[in-house]
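Worksheet: one structure, shown below.
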Amino acid sequence: MKVTKTSLSECFIIEPTIIGDERGYFYESFHQKKFEDLTGLKVNFVQDNQSLSRKGTLRGLHFQRDDYAQAKLVQVLRGTVLDVVVDLREGSKTFGKHFSIELSSENKKQLFIPRGFAHGFVVLSAEAEFFYKCDNYYHKDAESGIMYNDPDLGIDWELPQRELIISDKDLHLPSFSAL
C-alpha cells in the first residue's frame, strides 16, 4: 500500500499493492493497521455505501454536520469518476481549498477524506460503481452541502454543463460563503 499526501491537510491518496497473473489480480483494499501506520490517523469505519451512476451524473458536494461528520475512504469499482473534496474545517491551513483526482477501476486508487470536508464526484465513463466506507452513521437531519458550481470554489468538473445530470436537491444547495 502506498499513501500519498494531497494538497489538503489529512487527505490522502491510497494506492494498493496489486498482485496479478494470468488469472487476474488480487489486492487488499483496506488494512486498518497499515492505514494507521502510514497516515498517522485512527479511523473506525462503521458503514459501507455503494452507488451506480451513468455518465454526467454529478453527486455533491455533500457533508454531514457536527456530531454526524464522516470521514470516508472512497473508490471506484467500475468505471471512472472525477472525485472532488473541499476543506470546510475553519482554522485549517487549507480551509476553502479543493482537491480533485480521477478514480477508476483501472487505476484502483482510493481517496481518504477526513471529517470536515465536503465531497462530490462526477461520472466520466458510461457508468460508474462508486464505493465508500464511512466512520460515522448517516443521519438525515445532519446532511448538508455546497452548490457544485460555487464561483468562490471554481471547481472544474471536466464536463460541459449541458452534460451534467444533477438532482434537484443538489441544484439548490447553498453557496460556500453562505455556510
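The residue that is farthest from residue 174 (Cα to Cα), counting only those in segment 144-162 that are charged (D, E, K, R) and either in contact with a helix residue (DSSP H, G or I) (Cβ under 8 Å, 6 or more places away or on another chain) or in a loop (DSSP other than H, G, I, E, B) (or both), is 158.
Residue pairs whose Cβ atoms lie under 7 Å apart, separated by 6 or more positions or on different chains, with the first residue in segment 144-168 and in contact (Cβ under 8 Å) with a residue 12 or more places away in the chain and closer than 23 Å to residue 70 by Cα and the second among the charged types (D, E, K, R) and part of a loop (DSSP other than H, G, I, E, B), are 144/65. Name, by its number, the condition in (1) under 19 Å from residue 39 (Cβ atoms); (2) without any contact (Cβ under 8 Å) to a residue 40 or more places away in the chain that does not hold for residue 93. It is condition (2) that residue 93 fails.
Looking only at segment 1-34, residues that are surrounded by 11 or more Cβ atoms within 10 Å (Cβ to Cβ), over 20 Å from the mean Cα position of the chain (by Cα) and farther than 17 Å from residue 103 by Cα come to 2 in all. Of the residues making up segment 115-129, one or more are in a loop (DSSP other than H, G, I, E, B), of a type in the set (A, V, I, L, M) and surrounded by 13 or more Cβ atoms within 10 Å (Cβ to Cβ). The residue that is surrounded by the most Cβ atoms within 10 Å (Cβ to Cβ), counting only those in segment 68-105 that are closer than 17 Å to residue 52 by Cα and among the small types (Gly, Ala, Ser), is 79. Out of the residues in segment 130-141 meeting the condition of being surrounded by 16 or more Cβ atoms within 10 Å (Cβ to Cβ) and either touching a Ser or Thr at 6+ places or on another chain (Cβ under 8 Å) or not hydroxyl-bearing (Ser, Thr, Tyr) (or both), tell me which one is farthest from residue 114 (Cα to Cα). Once the filter is applied, the top-ranked residue is 130.
Each value in this text was obtained by applying a stated rule to the coordinates, not by laboratory testing. Treat the numbers as computed from the prediction; the structure is a model and nothing was measured. Please note: Cβ atoms are built from the backbone with ideal geometry, for glycine as well, and neighbour counts cover all protein chains shown.
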